[in-house]
Amino acid sequence: MPAVLNVLNRNGTLLLAIVVINLLLGALCLALARGQRHSPPLRLWGWGLIVYTVGLATVIAGFATPRHAASFVGNALIAWSPELFAGAVLAHTRFRLSRLWVRLAVALVVLFIVWNSFVAPIHPLTEIAGPTLIAIALFALAAVLLLRDLPEHARKAARLLAFSMLSAVGVWTLRLLFLAGLFGAPKADQVDFIQALFAIAQIAATVSGTFALCAIEVRNVQADLTLLALSDALTGLPNRRATEERFQQELARARRLGHGFALLIFDVDHFKRINDRHGHLAGDAVLRHLSATLRQEKRTEDVLGRLGGDEFAVLLVDPAAGEALQSVDRSRQRIADSMLAYENEELRVTVSGGLAVYPVDGQAWDELYEVADERLYVSKRCGRNRVTGSDAASALREDKVHP
């Protein structure tokens, strides 16, 4: 053991660098985790860096203080820190650590350290090998599980994080083998050089892993902002902007392949009366009920969106011959047949709509929307609770339609 301590002492500068860098990165993660977006992964990673660094600093301080107490406390903290790191990584996956088994392993390592420090030495490497083996096992497990369940919006950053963790596993494994003397007995200057390489590799893995985790958080924030910008907060449906963007995509596909599609515009009959009689919360409940019913009715490929207020749109992608009007009329009837329970009262909701068909009724959003909106008001003038199309619906044939 004195030989190992001498090696560590001779590389004091690099150890100090590890301590400073880890503290700064840990503080950065904790500061980011306390921002407007609460981030458990960054908080866990930040505390992992702090706990590991305090443990390492305690071990280093033991070189000039009573050895046993410092070694016990420091290595116990180092043995616990991998649970925090692995928990941070797995928070971005569907997997979770079994804390019971992890803490039993940590407790076992601590017992060995206590025995080695205060009772009888087991092996010179016990205090280093125990925490390192836990770190190797948890880092390898977290990296593999992360690669099996990459975050949807941050795959590249997640791969970098997994690579950083596996790199740390490789560094720690080689370090253990080196300290165990499996590579022979190098000279003192060779020992210093190899230990310095290990320290630099660990710093690199820590820095890259921390920034990869931050990159995952940035990507997730961007995805959340995009979703917020393109979705309706009340119903969760695509908003007007998202619906129009999807319309443009379908328009390009229709022009390329010669397919037809239909645009349905509809709103709730007597929606103002519902708000006036039952309150705006009842109106919100009606809109959520309507969106949930239509979600169940629409085909997977069709697009349902809320344009604003009580106005909705359905983009029917390449419907079969003559089925566009029939399809939306079935949905209208399903809404009329359903009842909404609100504050011990049942509300019957109906909708009126207008249907426009590409390319017969228009070849752009404004053109089709205007036609569908005119037919919507025809439905209202004709008694509501209906969908108005035109003979243009027959232009949607099962064979291809060309503008």
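The values are calculated or read from the model by the stated rules, or taken from the named source; none is laboratory data. Just so we're clear, the structure is a prediction, and the values are computed from it rather than from any experiment. Neighbour counts are summed over all protein chains in view; Cβ atoms, including those assigned to glycine, are modelled from backbone coordinates with ideal geometry. Side chains included, ligands, DNA and RNA excluded: accessible areas come from the protein's heavy atoms. Shrake-Rupley method; radii C 1.70, N 1.55, O 1.52, S 1.80 Å.
Go ahead and estimate [θ] at 222 nm for the chain from helices alone: -39,500 (n - 2.57) per DSSP H run with n ≥ 4, summed, over the residue count, rounded to 500.
My calculation for the chain gives -22000 deg cm²/dmol from helical runs alone.
Choose one answer from GLY362, GLY170, GLY279: the residue with the largest mean-square fluctuation in a GNM of the chain with alpha-carbon springs under 10 Å.
Ranking GLY362, GLY170, GLY279 by mean-square fluctuation puts GLY279 first.
Pop out the Kirkwood hydrodynamic radius of the chain from its pairwise C-alpha distances, inverse of mean 1/r, in Å to one decimal.
So the Kirkwood estimate lands at 26.0 Å.
So for GLU244, GLU83, what's the accessible-area order with a 1.4 Å probe, most first?
So, going from the largest accessible area down, we get GLU244, GLU83.
The stretch 173-285: Rg/Rh from Cα coordinates, Kirkwood Rh?
Reported Rg/Rh, Kirkwood definition of Rh: 1.45.
Choose one of HIS278, ALA162, SER71: the residue whose Cα lies farthest towards the positive end of the charge dipole of the chain (beta-carbon charges +1 Lys, Arg; -1 Asp, Glu; about the Cα centre).
SER71
Report the net charge of residues surrounding GLU346, where surrounding means a beta-carbon distance below 15 angstrom and charges are Lys +1, Arg +1, Asp -1, Glu -1.
With Lys, Arg at +1 and Asp, Glu at -1, the neighbours total -1.
Note down the magnitude of the dipole of the stretch 262-371 about its Cα centre, charges +1 on Lys and Arg C-beta and -1 on Asp and Glu C-beta and zero elsewhere, to the nearest 20 debye.
Result for the stretch 262-371 is approximately 340 debye, rounded to the nearest 20.
Once the dipole of the chain is set up with Lys and Arg at +1 and Asp and Glu at -1 on Cβ about the Cα centre, which of TRP45, ALA223, ALA336 lies farthest towards its positive end?
It is TRP45.
Near the amide H of VAL349, under 5 Å away, which other amide H atoms are found, from residues 5 or more places off or on another chain, if H is placed in the peptide plane?
The list, which skips near neighbours in sequence, is LEU340.
Name the residues whose placed amide hydrogens come within less than 5 Å of the amide hydrogen of VAL387, ignoring near sequence neighbours (fewer than 5 apart) on the same chain.
Residues meeting the criterion, in which the H sits 1.01 Å from N, are GLY353.
Work out the length of the dipole vector of the chain about its Cα centre, built from +1 on the beta-carbon of each Lys and Arg and -1 on the beta-carbon of each Asp and Glu, and round it to the nearest 20 debye.
Dipole about the Cα centre, nearest 20: 1200 debye.
Using the Cβ atoms and a cut-off under 13 Å, what net charge is assigned to the surroundings of LEU97, where Lys and Arg are +1 and Asp and Glu are -1? Don't skip to the end; give the middle numbers.
Details: positive: ARG94, ARG96, ARG99, ARG103; negative: GLU83.
After counting each charged neighbour, the total is +3.
If you add up the charges near GLU152, with Lys and Arg at +1 and Asp and Glu at -1, over every other residue whose beta carbon is less than 15 angstrom from its beta carbon, what do you get?
Summing Lys/Arg as +1 and Asp/Glu as -1 gives +3.
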